[in-house]
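Trainee: Supplied in structure tokens, the structure appears directly below.
What follows draws every value from the coordinates through simple rules; no lab data is involved. In this text, all values refer to a predicted model and were calculated from it rather than measured experimentally. When we count neighbours, we look across all protein chains shown, and the Cβ atoms used for this are built from the backbone with ideal geometry, even at glycine.
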Amino acid sequence: MLRRLSQFGVLLLFFGTAHWGWQVAKDVPLLIGNLSASEFAGLFPMADPFATLQIFVTGHLLQQKVIIGALIVLAFYALVGGRVYCAWVCPVNLVTDLAGWLRQRFGIPAPTYLGRNTRYFVLAAALVLSALMGVAAFEWVSPIGMMQREIIFGLGLGFQALLAIFLFDLLILKHGWCGHLCPLGAFWSVVGRRTAQVRVRFDRTTCTHCGDCAKVCPEPQVLNLKRLDEVGYVYSGECSNCGRCTPVCPEGSLRFDLRPLIRRHNIEAGKGHEQ
Amino acid sequence: MAEANVSRRDFLVKLAQGSSLAATGAFLWAHLLRQEARAQPFALRPPGALPELDFNAMCIKCGQCVTACPYDTLKLAPAGGGIPIGTPHFTPRKVPCYLCPDIPCMNACPTGALSPKLKNINDSRMGLAVIDIENCLSWKGLRCEICHRECPLKGKAITLETHPRQLSKHAMFVPLVHSDACTGCGICERACPTQEAAIRILPHNLVQGKIGEHYRLGWTFDTEITQDFKPAAPAAPAAPAEVPKQAPGMDYLNQGL
């Protein structure tokens, strides 16, 4: 699947630069750093805006480089959709998707319920704790950070945290980490909400309400049919553009499209009360 | 009315439940953070690192310094390793810092946790070399002095001092570390030939004392004199003595009459 290719590809670029000395030119490393902050081919810096924000609220003045990097990454995800990070880059998604797949395979029932908005409270708590404790609160406990660091820079006990997430997702709460708790996912949901240009278009005329899409969607609340009808595309920032729904839709009512094209499509179809 | 009361009670109970849940989570989280930060006094940081608390706050754990280091000195701490998670550190006995003059690790740092204020690598203070004089070969009377010879700031950071050897007429040559020049690079620790290094790098705050402001070393000339030992004001010039009209000693018995 394309998403796996992208997730492994990004990690491979970091790993190759760190261990095999991949260079684009003499002494210009290809992609140095990791998902927290990096520099691509000596051209431009990148940085995790959420991590940067946490450090910022601890009251430390950051250097220009990391701020520019954070803005670059922020701008990118603001255009393609914030949670594209979750589905296409984040390594923990590999773990949770595996758990989700196994869960479906073995038909494990869901014993617990947790509101999907919990993640926004975790997000707020991360920022408040950063300010109070004087260290970037989520970065110091983040399983995402542990996983990518330990893949790129050598193994430690981070796999325990991942095992915990795996079991939690498998046995306790369906899509528990990515869909309910992860503050980074919450952060990206907020970022992509209004500005994302790549979204899933919804075609009301062909949809038969079969519900196949909601069955495969890890965030089924974004496929609220009433809302889809109104807007004409998957509006919620919680959609990660993972692309599970588009191939399963038997009528082809769900399809990736650019937002301006969606608008035109809907107006032409004569059902366009946009937003 | 009754209904309003019930919903108010509901609201208050929900509020209490929610906030206690949030508080529990926050305490657990904060505890984890403190646990992580507790490992901090033993970490040796790359050159130019800010003081430990600021460093821990500023470091984004990206590992660019680790990749930039040409000697593979720096490592990114994994989870559960006793070093704050994800931060760069080094173990001098394995690979010391070879003090690159262009400081690539510091230049790679995007956040400024490795402060760009460091211009000369010899001004870096990663730690301080400490000698275990019970196990130092030189202190046992052997002519070892390897740490002194290997020290990149030989003669400044480590000097050799003579020291009498009991009743022998031969002196011992013992190494002495000077904190005003020692960068904490750890080349001495790497070079020390004993089974466990008898000279090793430790963070300053673990080994360095401080005498305090109130001691004045009066016999040194660079100490400021604070007590009022000012010389007395020069006396006013005495009025010119009167020239006696008579020869001295003639009429003194009658004076004052």
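Trainee: Taking the Cα-to-Cβ direction at residue B:28 and at residue A:112 and moving 7 Å from each Cα, how far apart do the two end points lie in nm?
Mentor: 0.8 nm
Trainee: Using only atoms on other chains, find how many Cβ atoms lie within 10 Å of each Cβ of peptide B:120-130 and report the average.
Mentor: The per-residue average across the peptide is 0.
Trainee: For the residue pair residue B:21 and residue A:12, what label-to-label distance in nm results when each label sits 7 Å from Cα along the Cα-to-beta-carbon direction?
Mentor: About 4.2 nm separates the two model spin labels.
Trainee: Which of the peptides A:247-253, B:206-212 is most tightly packed, and how do the rest follow, going by the mean number of other Cβ atoms within 10 Å of each residue?
Mentor: Taking the mean over residues of other Cβ atoms within 10 Å, the ranking is A:247-253, B:206-212.
Trainee: State the Cα centre-to-centre distance between segment A:132-162 and segment B:111-187 in whole Å.
Mentor: 37 Å
Trainee: I've got another one for you. Return a whole-number percent for the relative contact order of chain A, with Cα pairs under 8 Å and 6 or more residues apart as the contact set.
Mentor: 20 percent
Trainee: What ranking do B:104-111, A:135-142, A:213-220 get when scored by the average of other Cβ atoms within 10 Å per residue, highest first?
Mentor: Packing order, densest peptide first, comes out as A:135-142, B:104-111, A:213-220.
Trainee: Using only atoms on other chains, find how many Cβ atoms lie within 10 Å of each Cβ of peptide A:45-56 and report the average.
Mentor: Per residue, the average neighbour count from other chains is 2.
Trainee: Separate question: What order, most packed first, do the peptides B:164-177, A:163-176 have when packing is the mean number of other Cβ atoms within 10 Å of each residue? Provide the component values of the computation, followed by the final result.
Mentor: Numbers: B:164-177: 13.3, A:163-176: 17.8.
Descending packing order for the listed peptides: A:163-176, B:164-177.
Trainee: Take the alpha carbon atoms of segment A:67-110, find their center, do the same for segment B:66-95, and report the distance between the two centers in whole angstrom.
Mentor: Cα centroid of segment A:67-110 versus Cα centroid of segment B:66-95: 29 Å apart.
Trainee: Oh, and also: Could you tell me which of rounded, prolate or oblate describes segment A:65-217, using a ≥ b ≥ c as the square roots of the eigenvalues of the alpha-carbon gyration tensor, with rounded for a/c under 1.5 and, failing that, prolate when a/b is larger than b/c and oblate otherwise?
Mentor: The shape class here is oblate.
Trainee: Could you give the angle, 0 to 90 degrees to the nearest 10, between helix A:143-153's Cα long axis and the longest principal axis of the Cα atoms of chain A?
Mentor: Orientation of helix A:143-153: about 50 degrees from the principal axis.
Trainee: Here is a further query. Looking only at other chains, what is the average number of their beta-carbon atoms within 10 angstrom of each beta-carbon in A:59-69?
Mentor: Per residue, the number of nearby Cβ atoms from other chains is 5 on average.
Trainee: Quick check on the protein assembly as shown: take the gyration tensor over C-alpha atoms, sort the square-rooted eigenvalues as a ≥ b ≥ c, and tell me if it's rounded (a/c under 1.5), prolate or oblate.
Mentor: Prolate is the answer for the protein assembly as shown, as a/c is 1.5 or above and a/b outweighs b/c.
Trainee: If you don't mind, there's one more thing I want to ask. Return an integer: the convex hull volume of the alpha-carbon atoms of chain A, in Å³ per residue.
Mentor: With only Cα atoms used, chain A gives 147 Å³ per residue.
Trainee: With each run of n ≥ 4 DSSP H residues scored as -39500 (n - 2.57), what mean residue ellipticity at 222 nm is computed for chain A after dividing by its residue count and rounding to the nearest 500 deg cm²/dmol?
Mentor: Rounded to the nearest 500, it is -15500 deg cm²/dmol.
Trainee: So the label point goes 7 Å from the Cα of residue A:198 along Cα→C-beta, right? Which residues of segment A:241-263 then have their backbone N under 13 Å from it?
Mentor: Taking a point 7 Å out along Cα→Cβ of residue A:198, the residues of segment A:241-263 whose backbone N falls under 13 Å are A:241-244, A:256-259.
Trainee: Taking neighbour counts of Cβ atoms within 10 Å as a proxy for exposure, in what order, fewest first, do B:115, A:240, B:124 appear?
Mentor: B:115, B:124, A:240
Trainee: Report the equivalent ellipsoid semi-axes for segment B:25-124 in whole Å, largest first, defined as the square roots of five times the eigenvalues of the gyration tensor built from alpha carbon atoms. If you can, show how the numbers build up before the last one.
Mentor: Numbers: eigenvalues 121, 41, 25 Å².
Over the Cα atoms of segment B:25-124, the ellipsoid semi-axes are 25, 14, 11 Å.
Trainee: Once you have a ≥ b ≥ c as the square roots of the Cα gyration tensor eigenvalues for segment B:79-142, tell me rounded if a/c is under 1.5, and otherwise prolate or oblate according to whether a/b is larger than b/c.
Mentor: oblate
Trainee: Just in segment B:76-167: which GluC sites (Glu not before Pro) are loop by DSSP and have at most 14 other Cβ atoms within 10 Å? Write down the numbers at each step before the final one.
Mentor: Numbers: sites: B:134, B:145, B:150, B:161; in loops: B:134, B:145.
Here the sparse-neighbourhood loop sites are B:134.
Trainee: Moving to a separate point now. Can you compute the FRET efficiency between residue A:64 and residue B:165 using 1/(1 + (r/R0)^6), with r the Cβ-Cβ distance and R0 = 60 Å? Round to the nearest 0.05.
Mentor: Working: r = 58 Å, r/R0 = 0.97.
With a Förster radius of 60 Å, E is 0.55.
Trainee: Modelled label-to-label distance, residue B:194 and residue B:242, 7 Å Cα→beta-carbon offset: nm?
Mentor: Computed distance between label sites residue B:194 and residue B:242 equals 8.4 nm.
Trainee: Relative contact order (percent) for segment A:197-268, with alpha-carbon contacts under 8 angstrom and 6 or more residues of separation?
Mentor: 49 percent
Trainee: I've got another one for you. Pairs B:75/B:140; A:65/B:75; B:61/B:210; A:65/B:156: which exceed 30 Å Cα-Cα?
Mentor: Flagged as over cut-off: B:75/B:140; B:61/B:210; A:65/B:156.
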